[in-house]
Structure formats: structure tokens, C-alpha cells
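*Asks:* Starting off with a structure, shown below.
The values are calculated or read from the model by the stated rules, or taken from the named source; none is laboratory data. Predicted model only: the values in this text are computed from it and were never measured. Every residue, glycine as well, gets a Cβ built from its backbone with ideal geometry; the counts of neighbours run over all protein chains shown.
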Amino acid sequence: MRHIFFSLLFALFFTILVSPVSALAAKTIHVLASTFPIYQITRNVTLGVDGVELDLMIPAGLGCPHDYALTPQDMHKLAKADLLVINGLGMEEFLGAPLKKANAGLQIIDSSKGITPLPMREVEHDEVHDAHEVQHETGHHHHGSPNPHLFASPAMAALIAENIAQDLAIKYPEKAEQIRTNGTAYSKKMRTLAHKMKQTGSTLRNNRIVTQHGVFDYLARDMGLEVVAVVQAHAGQNPSASEMLSIVSIIKSSKAGAIFTEPQYPEAIGRTLAREAGIKSARLDPAATGPELAPIDYYQQIMQANLKTLVDTLGSR
Ligand SMILES: [Zn+2]
């Protein structure tokens, strides 16, 4: 009896070994998304696709991983992933060498592929400009790094969704049809949203704004807003006293309408600057962060709320 059991077990094992097609069909694909906004887009692209398990790497509440360092939990998630979807444009600089160590065979989809980036904005402060010019002996301003915050613009989110769907469909042809259908449907929703935001942008009484960091540069461009200054020249780093004076003077000379803070950074300095300059401040959400169990249409909800905030703060014609 025992002998028969083991023979059967062996036969079963052998069958699985020699039939790679059926084994593959049953295998779950572990997809990991690096950041919350990329996770939300990938969720929509893989919605209802059998055999795909999606996970978020860095915590949903963390926000932009500009000064992030990999944790043991991240290494563990990387180790068991088949595929990693990244924001790209330098947002995942923290991955570097440890990635190879955690999972040398990990496939990567760069969701920013083929999208023309904006440069990271220069520091407005004159003294800092001078310092840059000393550092770069040519005397030209340094526009080295691209702005990685595509996701905060629905028009760019549409392109990100198309990129992710396209690459996933190529990698997993047996699931391609549904992935492509999802990708097209989501990018259409994003384009509709982008159109609405652009229309609203054209009716605002004042289109000049100050933001907390470079997160809204693409959204501003796509809505016809002008970012006249940023509070944090480097993400997470507060301005010096002289930089604050400089920002207030830029706000006054450019007649900016409002300072927009964001949920991922403390709002105190933005509020202080707004008070000093005599303009409004409000919170605009780039959807860089979100709740652990966010609804599937979380991004759309946030952008609708942003539209209301923009109209309430800047007025409409
Ligand atoms: Zn950022």
C-alpha cells in the first residue's frame, strides 16, 4: 500500500515536471510595485486578471521615496517577486546594488519609458544659483536630473498605464487580452479626467501657484498652471531663512494665488510663507500616499477633490 502511494506520488511529481505548460498556467505571477501611485495604476491594469498577485513594496503612507533606504521587509518582497514595476526617472535610486543581491533574475517594467520628462526645477534663490554656477565651471545651470513625479498628472498617468499594460501583455501573453483591455479602459478614464482638469485650469482666476516640492510640475503643465516657486528646493528639506524671504518676494512680484502644501510633508512652513506673503494656502494631494486599503478609484477621488480645492482657492472666472 505504502509502495503504491509513493509510486503515485512520484508519478504525479514527474507529470508536473514534464508538463511545463500546465505547470506555468497554474503558477501565480508575483508582481511588485515600488510606490503607492504605481501600485494603484498597476492594480487597475491587472484588475480581475487570474494568476497575478500584486503587492506594494514601500508603505502606502510613506510618499515619495526620495531619501529612502531599503528595509529587510522590502528585500523579502523583492526576493519573492517575479516582476517589479517602477516609477522610473530616478525615483528608485535606493534600489541599486541590493536589488541584484535580493533577486538577480527579477524583471523590471519602467512605467516612465518613452515619456519625455521635465527637468527638476532649479532653486529660485539667487545665492544658490551662484553656488551652482561656481560648482559647474561652465556657468550653465545644472539641469541634470529629470522630474520623476509623472503620476500626479492624469494625462501622464494615462501614459504610465499604457506602458505597464503593454509590457505586462508582452511578458505574459496568455493574459495579454485582459491586461490590454484594462489598460485601455484605465488610460481612457485618465484622459477624461485630464481633460476636465485642463478645462478647469483654463477657467481659474489666478493660475500662478507655489508648491511644496516638485511633485505638481507635470500636473501644472498639463492644466496650464504656472509653478512660480517651490517651498522645498530639495524634497523633505526645509528652506533657510533667506530662501524663505526669497520665496515671499517671488510670490509678491509674480502675484501668485496660493501656496499648496501636500499631505506627505509638514504644512507649517507653507502656511507661514502664505501668511507672510498675504496669500491663501491649501492642501493639494498628489496621491503619492494613500491608505493601506485604498479603493480602486482612489486616484480619481483625490483628483476630483484637488479640482475643488483649486477652484475654491484660486477662484474661477
Ligand atoms: Zn517627490
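*Asks:* Just wondering, is there one or more residues in the stretch 170-183 that are of a type in the set (Gly, Ala, Ser), more than 16 Å from the ligand (Cβ to nearest atom) and either surrounded by fewer than 20 Cβ atoms within 10 Å (Cβ to Cβ) or within 16 Å of residue 309 (Cα to Cα) (or both)?
*Replies:* Yes, some residue in the stretch 170-183 is of a type in the set (Gly, Ala, Ser), more than 16 Å from the ligand (Cβ to nearest atom) and either surrounded by fewer than 20 Cβ atoms within 10 Å (Cβ to Cβ) or within 16 Å of residue 309 (Cα to Cα) (or both).
*Asks:* Still on this model: Being of a type in the set (S, T, N, Q), under 20 Å from the mean Cα position of the chain (by Cα) and assigned to a helix (DSSP H, G or I), is that true of even one residue in the stretch 185-207?
*Replies:* Looking for residues that are of a type in the set (S, T, N, Q), under 20 Å from the mean Cα position of the chain (by Cα) and assigned to a helix (DSSP H, G or I), one finds at least one in the stretch 185-207, hence yes.
*Asks:* Being surrounded by 19 or more Cβ atoms within 10 Å (Cβ to Cβ) and either out of contact with any Leu (no Cβ under 9 Å at 6 or more places or on another chain) or of a type in the set (Val, Ile, Thr) (or both) is the filter here, so list the residues in the stretch 41-73 that pass it.
*Replies:* 41, 42, 44, 45, 46, 49, 52, 58, 63, 64, 65
*Asks:* Report every pair of residues separated by at least 6 positions or lying on different chains whose Cβ atoms are under 8 Å apart, first residue within the stretch 260-279 and basic (Lys, Arg), second within 16 Å of the ligand (Cβ to nearest atom).
*Replies:* 271/261
*Asks:* Going by what's in this entry, would residue 37 be described as within 20 Å of the chain's Cα centre (by Cα), within 16 Å of the ligand (Cβ to nearest atom) and either outside any loop (DSSP other than H, G, I, E, B) or among the aliphatic types (A, V, I, L, M) (or both)?
*Replies:* yes
*Asks:* Okay, moving on. What residue, of 269, 296, 250, 302, is part of a helix (DSSP H, G or I) and either modelled with pLDDT under 95 or closer than 30 Å to residue 54 by Cβ (or both)?
*Replies:* After ruling out the rest, the residue left standing is 302.
*Asks:* Does the stretch 229-245 contain at least one residue that is away from the ligand (no atom under 13 Å from the Cβ), of a type in the set (A, V, I, L, M, F, W, C) and under 24 Å from the mean Cα position of the chain (by Cα)?
*Replies:* Scanning the stretch 229-245 turns up at least one residue that is away from the ligand (no atom under 13 Å from the Cβ), of a type in the set (A, V, I, L, M, F, W, C) and under 24 Å from the mean Cα position of the chain (by Cα).
*Asks:* If you don't mind, another one. Could you please let me know if residue 97 is surrounded by fewer than 15 Cβ atoms within 10 Å (Cβ to Cβ), modelled with pLDDT of 85 or more and among the small types (Gly, Ala, Ser)?
*Replies:* So residue 97 passes the test.
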